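Have a look at the structure below, then the notes.
The values are calculated or read from the model by the stated rules, or taken from the named source; none is laboratory data. In this text, all values refer to a predicted model and were calculated from it rather than measured experimentally. Positions of Cβ are backbone-derived with ideal geometry, glycine not excepted, and every protein chain shown enters the neighbour counts.
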Ligand SMILES: [Fe+2]
Ligand SMILES: [Fe+2]
């Protein structure tokens, strides 16, 4: 285990059983190879593409994931609120006005108090509370004592994500985007030291339309018919980023995209 750097692995939205299988097949080896200290993954699409089950949650924990973030699809299963109340490492976006569970997690990783926050964007999405105000409040109170703060900003619109990152540049350690399921090639360190990437991608079938079998998505988009989506099993990958955080300065010194 490296103590010069805190190595954090963040995995994109896990899309159904093909995505779960990728975690089973690849996570342990990657953790060992990259000396990973903390694993964060977005679980909102784990259960056949929508939501998360208790079995998913315990499976992910057994596979070595420490914190599960989510997004707009976390509510797809009837017992979502019960699961969020039961497991404190499973997050829903913090800016839902009045929901079960929590939008942040705190833990001691290698002697460093790390905070993980989950937020939802508002452009081309549902009108939740203001993510800017929500994070400002959390930084002043609930997660004030954290010296490393990592945010999963689950949002559709690139401009909202990068604007959000610039607004909190220097106040948070790293912001990664999720929800579009498409990995972007814009990882960077902003002027005041915050690490950033618009979207870390997906865990599941890459030969797909955002992780789903193409036929059903085509049917829906072309004919405007409601068709159930099915997770793709073709050309499966595990995508995300690894951030190396200096344990003295608490700043990101490197962001590396992975797609394996
Ligand atoms: Fe998603
Ligand atoms: Fe989403």
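Could you tell me whether residue 7 is touching a residue at least 40 places away in the same chain (Cβ under 8 Å), within 16 Å of ligand 2 (Cβ to nearest atom), crowded, with 18+ Cβ neighbours inside 10 Å and under 20 Å from residue 199 (Cα atoms)? Considered against the rule, which asks whether it is touching a residue at least 40 places away in the same chain (Cβ under 8 Å), within 16 Å of ligand 2 (Cβ to nearest atom), crowded, with 18+ Cβ neighbours inside 10 Å and under 20 Å from residue 199 (Cα atoms), residue 7 comes out as no.
Of all the listed residues (88, 78, 47), the sole one being in contact with a strand residue (DSSP E or B) (Cβ under 8 Å, 6 or more places away or on another chain) and not in a helix (DSSP H, G or I) is 88. If you check 157, 166 for being within 16 Å of ligand 1 (Cβ to nearest atom), farther than 20 Å from residue 67 by Cβ and either more than 15 Å from the chain's Cα centre (by Cα) or surrounded by 20 or more Cβ atoms within 10 Å (Cβ to Cβ) (or both), only one passes: 157. Kindly provide the set of residues from the range 167-214 that are within 16 Å of ligand 2 (Cβ to nearest atom), in a loop (DSSP other than H, G, I, E, B) and in contact with a helix residue (DSSP H, G or I) (Cβ under 7 Å, 6 or more places away or on another chain), ordered by number. Selection gives 198, 208. Taking the criterion of being touching a helix residue (DSSP H, G or I) at 6+ places or on another chain (Cβ under 6 Å), more than 30 Å from residue 247 (Cβ to Cβ) and either at pLDDT 95 or above or more than 15 Å from ligand 2 (Cβ to nearest atom) (or both), would at least one residue in the range 109-125 satisfy it? Yes, the conditions are met somewhere in the range 109-125.
Taking the criterion of being under 20 Å from residue 28 (Cβ atoms), touching a helix residue (DSSP H, G or I) at 6+ places or on another chain (Cβ under 8 Å) and part of a strand (DSSP E or B), the residues of the range 215-260 that qualify are 236, 237, 238, 258. Taking the criterion of being in contact with a helix residue (DSSP H, G or I) (Cβ under 9 Å, 6 or more places away or on another chain) and in a helix (DSSP H, G or I), the residues of the range 18-44 that qualify are 20, 23, 24, 27, 28. Of all residues assigned to the range 137-151, at least one qualifies as being at pLDDT 95 or above, closer than 18 Å to residue 71 by Cα and either within 16 Å of ligand 2 (Cβ to nearest atom) or touching a helix residue (DSSP H, G or I) at 6+ places or on another chain (Cβ under 8 Å) (or both). Within the range 67-82, the set of residues being more than 15 Å from ligand 2 (Cβ to nearest atom) and crowded, with 21+ Cβ neighbours inside 10 Å comprises just one member, 67.
Out of the residues in the range 91-109 that are part of a loop (DSSP other than H, G, I, E, B) and in contact with a strand residue (DSSP E or B) (Cβ under 8 Å, 6 or more places away or on another chain), state the one that is surrounded by the fewest Cβ atoms within 10 Å (Cβ to Cβ). Once the filter is applied, the top-ranked residue is 96. Of the residues examined, residue 68 is one that is within 16 Å of ligand 1 (Cβ to nearest atom), touching a strand residue (DSSP E or B) at 6+ places or on another chain (Cβ under 7 Å), within 19 Å of residue 174 (Cβ to Cβ) and assigned to a strand (DSSP E or B).
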